[in-house]
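Let me begin by handing over the structure; questions about it come next.
No value in this document is a laboratory result; all are computed from the given coordinates. Small disclaimer: the values here were computed from a predicted structure and weren't measured. Because the Cβ atoms are built from the backbone with ideal geometry, glycine has one as well, and the counts that use them run over all protein chains shown.
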Amino acid sequence: MAKSVLSAPHFQDEDAAFEYVEARLWPNGAVCHHCGATGEKIGRLTGKTARAGLRKCYACRKTFTVRMGTILESSHLPLRFWLQAIHLLCTSKKGVSTRQIQRMFKCSMKTAWHLMHRIRFGMEPDHSGPLMGGPGERIEADETFLTNSPKTKKAQGYQHKIAVLTIAERGGRQRSVMLERSPARPQISRFIRANVDPESTLVTDGAQYYRAILVNHETVDHSKDEWVRGDAHVNTLEGWFSVLKRGMIGTYQNVKEKHLRRYLSEFDFRQNTRERLGVDDERRAELALAGFKGRRLTYRSTDRRSGASA
């Protein structure tokens, strides 16, 4: 008999939601947010007046929950709603709109907007992993342009558009960055050198600003209708850009430039945890939740410029 994934206990019951999050953020047992105590020094408060997930540290005599020290802290939304939103954002290839979340949870647009941005913030990479590529590996690099206002979608040229650079391993990871409105070459060079193994082979179109970044460099000349030459092509990124643009136009529609970085993190996260890499929907949501630890994003800081330097 068919059964909805969202009928799972941690999506419906608050106590089950806390147990689910605690098992993933505290794999070795509860840890006091205030003093770091563990084991028998930590107790669970129960009773009619105790809220779900409340713990007490008998070393420092303070209370805490698994929300503290994470993106979940200071949120008035039930934890089960958070888990539902994480699941929806992780399983929707082109994203989920704030308006849809607002209707589902019957909350304010402000609450839904902040919720979704905090989840995207948790999806941002910490850049602690190895460099992309390696000897004999090809890394595709290409840029695309996004419009940030319905009024400019039919305008000619690129001055009103936002440039996005993406680099991708074939069959592996990728990373994207928004390029500032200044000469592109220095930003592109810094971003590629900071993220790509220097022994990789860079594959790009014929744009001049990709030259002399890596020793090994292959190009295809799109201006002459050359799209593939042997193993040289950027078709991996061309396909991904189509997904990105459909999401930005069809789902999100009007994204401010100062927030674009987080939307790119969202799309990169789903691409880097796709099924072809052996990650299913449940595991993808767990990986997103793991990124919440040690991070905070208040409403005021969310509305400031995100920044997107290469």
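Taking amide H positions as placed in the peptide plane 1.01 Å from N, state which residues far from residue 179 in sequence (5 or more) or on other chains have amide H under 5 Å from it.
The answer is 163, 164, 165.
Step through the table entries 48/106; 110/256; 256/293, compare each Cα-Cα distance with 21 Å, and write down the pairs that go over it. Display every interim value, and only then the final one.
On the way: 48/106 26 Å; 110/256 16 Å; 256/293 27 Å.
Beyond 21 Å between Cα atoms: 48/106; 256/293.
Stretched out fully, how many nm does the piece from residue 254 to residue 3 gain, at 0.36 nm a residue minus the Cα gap?
On the way: separation 251, 0.36 × 251 = 90.36 nm, distance 3.48 nm.
Extra length from residue 254 to residue 3 when fully extended: 86.9 nm.
Which of the helices in the chain, when you take each full DSSP H run, stretch at least 15 Å along the axis at their Cα atoms and have an average Kyte-Doolittle score of -1.0 or higher?
Qualifying helices: 14-25, 79-91, 109-123, 184-195, 235-246.
Mean residue ellipticity at 222 nm from the helices of the chain, using -39,500 (n - 2.57) per DSSP H segment of n ≥ 4 over the full residue count, to the nearest 500 deg cm²/dmol? Working shown, then result.
Numbers: 10 runs with 103 residues, N = 310.
Estimated from H runs of four or more residues: -10000 deg cm²/dmol.
Name every cysteine in the chain that ends up alone, with no second cysteine's Cβ under 4.7 Å, or say none.
90, 107
Something else now. Whats the longest run of the chain with zero GluC sites (Glu not before Pro) that are DSSP loop and have at most 14 other Cβ atoms within 10 Å?
1-198
Under the rule a/c < 1.5 gives rounded, and otherwise a/b versus b/c splits prolate from oblate, where does the range 1-136 land using the Cα gyration tensor?
oblate
If you keep only loop residues by DSSP, which trypsin sites (Lys or Arg not before Pro) in the range 159-211 have at most 13 other Cβ atoms within 10 Å of their Cβ?
181
With respect to the cross-link table entries 93/245; 161/224; 3/93; 41/62; 93/161; 93/258, which display a Cα-Cα separation exceeding 18 Å?
On the way: 93/245 12 Å; 161/224 24 Å; 3/93 21 Å; 41/62 11 Å; 93/161 23 Å; 93/258 23 Å.
Correct reply: 161/224; 3/93; 93/161; 93/258.
Please give every one of the aspartates and glutamates within straight-line cross-link reach of residue 56, meaning a C-alpha to C-alpha distance under 20 Å, and leave out same-chain neighbours fewer than 8 residues apart.
Reachable aspartates and glutamates: 14, 15, 19, 22, 40, 73.
What Kirkwood hydrodynamic radius do you get for the chain when you take the inverse of the mean 1/r over all pairs of distinct Cα atoms, in Å?
21.5 Å
Further, regarding this structure: What is the spin-label model distance, in nm, from residue 290 to residue 274 if the labels are put 7 Å beyond Cα along the C-beta direction?
About 2.0 nm separates the two model spin labels.
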